[in-house]
Amino acid sequence: MAKKQTAEKKTVQDLIPVRNIYDSVIETTDNRFVKVLSVTAINTHLMSYQEVKEVLEGYENFLRSLKKPIQIARVSEPINLKKYIMALNNRFQSTTNAHKRRMLESYISYAEHLQKDRDMIKRNRYVIVDEPFNNETGKEKAMIELRRRVDDLRLNLEDMFYRQKLEVKELNDNELRKYLHMFYDYENAQLYQMEDMKEYAYVIGKRNLVTAAEEIRKRDEY
């Protein structure tokens with residue numbers, strides 16, 4: 001009679017193919033180094049036809065210049081105005097002029113209204129670059145090649161357009177953790193921010209976005 005084998009219980013971390021995060025790089029379990037770049041955007045709605053054409057041609061030339069594939073991601077996040085509202089409140093407390101205090105009160109009220117509006121979101125854009133390695137001895141070579149590619153990619157992105165200039169920033173270790181948190185568990189990533197990890201237990205699973213937004217609002221009001 002064959003012995004019944006008990007399946008080994010796996011944690012969430014076991015199912016995520018990330019071995020480590022260090023030096024602003026993700027090391028995956030399938031032996032790859034990954035860097036994530038945050039890239040600003042340009043608004044084409046107010047551009048002329050010729051300007052839009054130049055933008056599209058610049059983007060096409062950028063894609064044609066790539067020697068290895070990259071990944072482009074766009075992630076929507078609720079707008080967090082807590083620090084801005086706190087700064088306004090500090091200015092309000094230190095201001096004695098009655099007219100300025102009235103203006104600051106209106107700014108604070110408007111910002112608080114935007115904070116509670118769950119439809120207010122921002123869209124962040126990312127470019128993901130990876131470089132594989134075969135073994136421990138190949139790590140250094142892969143890291144050097146990845147950094148070279150990232151430097152070239154940053155220059156090409158910043159100079160992609162003739163009239164506009166994009167800003168490119170490499171995500172640091174904490175930002176990479178937040179990005180992965182959003183990628184694997186988007187709803188809870190909005191509810192439990194990275195700075196709240198010591199205060200709130202991490203919970204993974206399905207969560208309604210409306211419910212999550214209400215929880216954020218209640219927590220902020222408390």
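The values are calculated or read from the model by the stated rules, or taken from the named source; none is laboratory data. Everything numeric in this text was worked out from a predicted model, so none of it was measured. A quick note on method: Cβ atoms are made from the backbone with ideal geometry, for glycine too, and the neighbour counts reach across all protein chains shown.
Could we say that Arg148 is at pLDDT 95 or above, of a type outside the set (A, V, I, L, M, F, W, C) and surrounded by fewer than 17 Cβ atoms within 10 Å (Cβ to Cβ) here? Here the answer is yes, as Arg148 does meet what is asked. A single entry from Lys83, Lys122, Lys100 fulfils the requirement of being more than 24 Å from Arg148 (Cα to Cα) and touching a strand residue (DSSP E or B) at 6+ places or on another chain (Cβ under 8 Å): Lys122. For segment 140-155, residues that are touching a residue at least 60 places away in the same chain (Cβ under 8 Å) and within 15 Å of Asn31 (Cα to Cα) total 3. Taken over segment 83-101, the criterion of being under 25 Å from Thr40 (Cα atoms) and either loosely packed, with under 11 Cβ neighbours inside 10 Å or under 16 Å from the mean Cα position of the chain (by Cα) (or both) is satisfied by Lys83 alone. Per this entry, Lys4 is counted among residues that are at pLDDT below 90, outside any strand (DSSP E or B) and surrounded by fewer than 16 Cβ atoms within 10 Å (Cβ to Cβ). Can you find a residue that is surrounded by 12 or more Cβ atoms within 10 Å (Cβ to Cβ), of a type in the set (D, E, K, R), modelled with pLDDT of 85 or more and over 30 Å from Asp173 (Cβ atoms) anywhere in segment 31-49? No, every residue in segment 31-49 fails to be surrounded by 12 or more Cβ atoms within 10 Å (Cβ to Cβ), of a type in the set (D, E, K, R), modelled with pLDDT of 85 or more and over 30 Å from Asp173 (Cβ atoms).
Picking from residues in segment 106-134 that are touching a residue at least 40 places away in the same chain (Cβ under 8 Å) and more than 27 Å from Val39 (Cβ to Cβ), the one that is surrounded by the fewest Cβ atoms within 10 Å (Cβ to Cβ) is Asn134.
Against the numbered list (1) out of contact with any strand residue (DSSP E or B) (no Cβ under 7 Å at 6 or more places or on another chain); (2) surrounded by 14 or more Cβ atoms within 10 Å (Cβ to Cβ); (3) under 30 Å from Thr137 (Cα atoms); (4) not aromatic (Phe, Trp, Tyr), Glu54 comes up short only at (3).
Scan segment 22-62 residue by residue and report those that are more than 25 Å from Glu145 (Cα to Cα) and of a type in the set (Phe, Trp, Tyr). Selection gives Tyr49 alone.
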